[in-house]
Amino acid sequence: TLTVTGNVFITGGGNIDLCSGTGANTGTLNVGGNFTSFGAITETGTGRGQINFNGTLAQVFNQSGAFVNNIGIGINNTSGVTFSGASITLNEALTLTNGILTIPAGNTLTIANGNAIGGTGFGTSKHINTQVAGAAQAFVRVDNMPTLGSYLFPTGTGTSYLPATL
C-alpha cells in the first residue's frame with residue numbers, strides 16, 4: 001500500500017504497476033489529492049490493483065492512459081471525485097463509500113466485468129453524477145451484466161439521486 005496525501009502526477013508516458021503478485025494480493029494506491037496520469041495503470045500479476053480516492057477536498061482524476069488488467073476504484077471523499085480526461089474502463093470493482101463520482105459530459109465509465117457497483121446507502125450525497133452539457137452526455141456502461149437478478153445504477157445529477165435498476 002502506498003498512501004499519497006497530496007497530488008499524484010505521472011508524465012512522459014510512464015506506467016504504474018500496482019500489483020505484480022499472485023492470487024489474493026492487492027496493490028493499493030491511496031490518493032488524497034488530484035491524480036493525473038498520462039501512462040497506463042496496470043497490474044502484471046494475477047492479483048489486483050486498487051486506487052482509493054480518500055481526500056477531504058474535491059478531487060480530480062485525469063487519466064489519459066488505459067487501465068490494464070484488474071484495477072479497481074474506491075471513492076471515499078464526501079467532497080466528491082471527478083473523472084476528467086478520457087473515458088475509463090474498469091476490469092475490477094467500483095466502490096462508492098462516500099461522495100459523488102462525477103463523469104463529465106462526453107465521457108463513459110465502463111465496468112467491463114459486470115461487477116455490481118459497490119457501496120450501500122446510495123442517495124443525494126452518494127451516487128454517480130452523469131453530466132449533460134448541450135447535446136453531450138456522460139454514460140455509465142456495464143458489460144457482461146449478470147443474467148439473473150437486478151443490477152442497480154446509482155446515478156443522479158450531483159444534487160438529485162435518480163437511480164436505474166435493470
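The values are calculated or read from the model by the stated rules, or taken from the named source; none is laboratory data. Just so you know, these numbers come straight off a predicted model, no measurement behind them. No Cβ is skipped: glycine too gets one built from the backbone with ideal geometry, and neighbour counts run over all protein chains shown. Accessible surface areas use protein heavy atoms only, side chains included; no ligands, DNA or RNA. Shrake-Rupley method; radii C 1.70, N 1.55, O 1.52, S 1.80 Å.
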Residue that is least open to solvent (accessible area, probe 1.4 Å) [pool: residues in segment 122-137 that are at pLDDT 95 or above and outside any strand (DSSP E or B)]: H127
Residues of segment 79-94 classified as at pLDDT 95 or above and surrounded by fewer than 17 Cβ atoms within 10 Å (Cβ to Cβ), total: 1
Matching residues in segment 145-163 - criterion: being more than 15 Å from G80 (Cα to Cα) and either more than 18 Å from the chain's Cα centre (by Cα) or assigned to a strand (DSSP E or B) (or both): P146, T147, L148, G149, S150, L152, F153, L162
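Go through T97, T102 for me and flag whichever is touching a residue at least 12 places away in the same chain (Cβ under 8 Å), hydroxyl-bearing (S, T, Y) and open to solvent by less than 60 Å² (accessible area, probe 1.4 Å).
Of T97, T102, the one residue that is touching a residue at least 12 places away in the same chain (Cβ under 8 Å), hydroxyl-bearing (S, T, Y) and open to solvent by less than 60 Å² (accessible area, probe 1.4 Å) is T102.
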Residue in segment 71-78 that is open to solvent by 50 Å² or more (accessible area, probe 1.4 Å), more than 19 Å from F139 (Cβ to Cβ) and not aromatic (F, W, Y) present: yes
Where a residue in segment 3-29 is under 19 Å from N54 (Cα atoms) and its partner, wherever it lies, is assigned to a loop (DSSP other than H, G, I, E, B) and polar (S, T, N, Q), with Cβ under 8 Å and at least six apart: N7/N34; V8/N34; G27/T1; G27/S20; T28/T1; L29/T1
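Looking at segment 49-117, what strands (runs of 3 or more DSSP E) fall wholly within it and have at least 2 residues that are touching a Phe, Trp or Tyr at 6+ places or on another chain (Cβ under 8 Å)? Spell out the reasoning first.
On the way: elements: 59-63, 71-76, 81-85, 88-90, 94-98, 101-103, 108-111.
Passing ranges, in order: 59-63, 71-76, 81-85, 88-90, 101-103, 108-111.
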